[in-house]
Structure formats: C-alpha cells, structure tokens
Amino acid sequence: MFKVEFTPEAVEDMRLLRKYERRRVIEGIENQLVHQPAQETRNRKKLRPNKVAEWELRADKFRVFYDIDKENKVVKIEAVGSKKGSKLFIRGEEYQL
C-alpha cells in the first residue's frame, strides 16, 4: 500500500473546492492511488514532461496531479484542478500541460 501526502499547494487547491467536490476527489484518490498508482488505467495516465507532476488521475471533472516515490511507497499530490470543456484550471487560472 502507498501512503498519500499532499503538498501545501494541493491542500490549498482542495480548500477551494466545495465539500461534495472534495469528497469526490478524496474518493478517487483512495480508490485509485493507494494500491497501484503507477499502473495506467482509464482514469490514470502518465503525462509528458511538465512543471506540475508526472501522473494525472481523473476523478469526475477534476484532475489530480501526482508524483510517485516507489522506493518509499509514497504518492505525493502536487495539484488538484478542474476541467471545463478542453481547458484545465488550477487555482482558478487556466493551465497548459
């Protein structure tokens, strides 16, 4: 099992969400990232090199960006954003991956 840790920025991203939205994101993290976070699935994919994170988890309209430390069995949540159409927003600003 992997331990999940949030960066301070990701904690702030979560605070910007409504309570039910936070619950959806947490459920996605618990269901998808605790056991095999490095396995690509329909909702998880490895990203091209970028400034945010190595991996992306899709939880409804939300995107959770994370890195994996396989040696220490830690999943580090770097950012949480939302998709509106084809645009990604992190901390209220449009972001290009």
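Computed from the coordinates by the stated procedures, all read-outs in this text should not be read as laboratory data. Please read all numbers here as calculations on a predicted model, not as lab measurements. Here the Cβ positions follow ideal geometry from the backbone for every residue, glycine too, while neighbour counts run over all protein chains shown.
Here are the numbers for this structure:
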{"quantity": "For residue 74, residues with placed amide H under 5 Å, excluding near neighbours", "calculated": "3, 69"}
{"quantity": "Lys, Arg +1 and Asp, Glu -1 on Cβ, resulting dipole of the chain about Cα centre, debye, nearest 20", "calculated": "440 debye"}
{"quantity": "Of 46/76; 3/87; 46/73, pairs whose Cα-Cα distance is over 24 Å", "calculated": "3/87"}
{"quantity": "In Hz, Karplus ³J(HN,Hα) per residue of segment 46-59 (6.51, -1.76, 1.60; θ = phi - 60°; x = Gly, Pro)", "calculated": "7, 9, 5, x, 8, 7, 8, 7, 7, 10, 10, 10, 9, 10"}
{"quantity": "Cα-based Rg / Dmax (Å) for the chain", "calculated": "12.3, 37"}
